[in-house]
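The values are calculated or read from the model by the stated rules, or taken from the named source; none is laboratory data. Keep in mind the model is a prediction, meaning the values are calculated, not measured. For neighbour counting, all protein chains shown are included, and Cβ atoms are generated from backbone atoms with ideal geometry for every residue, glycine included. What goes into the accessible areas is simple: the full protein's heavy atoms, side chains included, and nothing from ligands, DNA or RNA. Shrake-Rupley method; radii C 1.70, N 1.55, O 1.52, S 1.80 Å.
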Amino acid sequence: LSAIEDDNPVIFLEHRWVHYVRGQVPSGYVKSALDGPIRLIEGNAITVVASSYMVLEALHASQVLCDAGCSVELFDLRVVRPLELEKICNSVDKTGRLLIIDTGWRTFGIGAEIVAQVSERCFFSLNRPLRRLGLPDHPTPSSPSLASNYYPRAEHVGDVICEMLEVDRSL
């Protein structure tokens with residue numbers, strides 16, 4: 001509703017996999033601010049920023065890791081223009097680590113842009129190299145057997161977070 005009522009041109013994109021998600025939806029005429037990112041989980045060991053469907057995969061991985069004692073700070077990017085990075089930079093200053101998870105290709109995508117800008121702003125706060133998870137740089141496979149290793153899933157997110165935190169992946 002906020003996108004429809006906005007006086008500026010707004011492009012609203014949603015991943016086809018979110019159409020199958022069930023959850024609570026507020027009743028009535030409810031608008032949300034066209035801003036972001038929004039912090040979903042507060043933590044202090046690693047900053048994770050996800051967009052679109054990857055928010056759900058990152059949320060699942062983060063909850064499992066938090067239950068195992070890894071403190072993940074998770075952000076839902078929500079909006080890419082204007083790209084507001086102040087909350088993310090503040091979090092990276094606190095955690096020293098950043099993982100970007102995107103439903104687009106790793107190369108030339110929004111994840112690459114966030115990595116570039118955060119590295120410019122927070123370079124001396126980093127304890128580890130910044131990481132990105134996204135689609136490989138080749139066409140999307142149509143075969144289910146090939147597609148199963150094409151899309152990042154919660155398990156991949158958890159593996160990368162464990163690697164960045166230097167903790168045992170068998171959590």
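Within the range 2-40, work out how many residues are part of a loop (DSSP other than H, G, I, E, B), farther than 30 Å from Asn90 by Cα and open to solvent by less than 100 Å² (accessible area, probe 1.4 Å). Result for the range 2-40: 4. Within the range 130-171, being over 21 Å from Ser52 (Cβ atoms) and of a type in the set (D, E, K, R) holds for Glu163, Glu166, Asp168, Arg169. Quick one: is Leu77 within 17 Å of the chain's Cα centre (by Cα), farther than 26 Å from Asp35 by Cβ and surrounded by 19 or more Cβ atoms within 10 Å (Cβ to Cβ)? No: the conditions fail for Leu77. Tell me, please, whether a residue that is without any contact (Cβ under 8 Å) to a residue 60 or more places away in the chain and either in contact with a strand residue (DSSP E or B) (Cβ under 9 Å, 6 or more places away or on another chain) or within 19 Å of Asn127 (Cα to Cα) (or both) can be found in the range 26-37. Yes, the range 26-37 has at least one match. Residue-level analysis places Ala147 among those that are small (Gly, Ala, Ser), out of contact with any strand residue (DSSP E or B) (no Cβ under 8 Å at 6 or more places or on another chain) and closer than 22 Å to Thr107 by Cβ.
Residue-by-condition table, conditions (1) in contact with a strand residue (DSSP E or B) (Cβ under 8 Å, 6 or more places away or on another chain); (2) more than 25 Å from Arg81 (Cβ to Cβ); (3) open to solvent by 80 Å² or more (accessible area, probe 1.4 Å):
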residue	(1), (2), (3)
Gly104	yes, no, no
Gly111	yes, no, no
Phe123	no, no, yes
Arg132	yes, no, no
Pro141	no, yes, no
Asp168	no, yes, yes
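Taken over the range 41-52, residues that are open to solvent by less than 30 Å² (accessible area, probe 1.4 Å) and hydroxyl-bearing (Ser, Thr, Tyr) amount to 2.
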